[in-house]
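The structure appears right after this line, and notes come after that.
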Amino acid sequence: MASAAFEDIAETFEFLDDWEDRYRHVIELGKAMPPLDDAVKVPATRVDGCASQVWFLPRIDGQGATARFDFDGDSDAMIVRGLIAILKALYSGLTVAEVGQVDAAAELGRLGLDKHLSSQRSNGLRAMITRIRTLAAGAVTGA
């Protein structure tokens with residue numbers, strides 16, 4: 001169920017031989033994202049459970065289960081900004097119903113992130129995925 005943007009990232013990761021190159025690529029993905037305006041970096045958009053500060057601003061186009069999901073995100077840590085970019089590639093453009101069907105662990109496992117992130121970063125990544133699913137589920141139910 002991965003998007004074309006995520007498949008591009010996966011193909012690039014396959015091409016890169018070592019984790020240091022992949023790590024740099026994740027950081028570059030984060031640098032390429034536009035930052036969120038400071039005005040939206042408020043407690044309501046903050047993702048709890050991350051060691052770094054992380055904010056998600058969802059964008060839902062439509063209503064109900066067929067509404068399209070997208071989000072913007074930001075972090076005070078460059079590697080985390082890169083992880084946000086990867087999650088954006090994984091989830092953006094799906095319907096809110098499809099977001100909950102994505103096997104994020106398997107998709108991210110294709111990139112080797114499960115083996116190379118610290119436990120703290122892995123916990124933060126899981127918190128971001130949980131927040132994405134919660135935002136999408138709220139759009140389905142109208143909450």
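Restricting the calculation to Cα atoms, the chain shows an Rg/Rh of 0.95 when the hydrodynamic-style radius is the Kirkwood one.
Ordering of 37-47, 92-102 by packing is 92-102, 37-47, highest average first (other Cβ atoms within 10 Å, averaged per residue).
Roughly to the nearest percent, how much of the accessible area of region 4-51 is carbon and sulfur, given a 1.4 Å probe? Each step should come with its number before you reach the end.
On the way: 1660 of 3140 Å².
For region 4-51, the apolar C and S fraction of the accessible surface comes to 53 percent.
Helix 119-141 and the longest principal axis of the Cα set of the chain meet at an angle near 30°.
Taking ASP17, ASP74, ASP61 as the candidate residues, the one with maximal mean-square fluctuation in a Gaussian network model of the chain, Cα springs under 10 Å, is ASP17. If I take R0 = 30 Å and measure r between the Cβ atoms of GLN120 and ARG68 in this structure, what FRET efficiency does the formula 1/(1 + (r/R0)^6) give, to the nearest 0.05? After rounding, the FRET efficiency stands at 0.40.
In the chain, helices alone account for a calculated mean residue ellipticity at 222 nm of -16500 deg cm²/dmol, with every DSSP H run of four or more residues adding -39,500 (n - 2.57). Cross-link reach is defined here as a Cα-Cα straight distance under 23 Å, omitting same-chain residues fewer than 8 places apart; for LYS41 the lysines meeting it are LYS31, LYS88. Here the Kirkwood formula puts the hydrodynamic radius of region 74-131 at 11.9 Å, using every distinct Cα pair.
Taking amide H as placed 1.01 Å from N in the peptide plane, the amide H of VAL54 sits under 5 Å from that of VAL47, each at least 5 places away or on another chain. In this simple spin-label model, placing a label point 7 Å from the Cα along the Cα-to-Cβ direction at both ALA4 and ASP38 gives a separation of 3.8 nm. Multiplying the residue separation of ASP103 and ALA51 by 0.36 nm and removing their Cα-Cα distance gives an extension gain of 16.4 nm.
The values are calculated or read from the model by the stated rules, or taken from the named source; none is laboratory data. Everything quoted here is computed from the prediction, not taken from an experiment. We place every Cβ from the backbone using ideal geometry, glycine too, and count neighbours over all the protein chains shown. The area values use the complete protein model at the heavy-atom level, side chains included, leaving out ligands, DNA and RNA. Shrake-Rupley method; radii C 1.70, N 1.55, O 1.52, S 1.80 Å.
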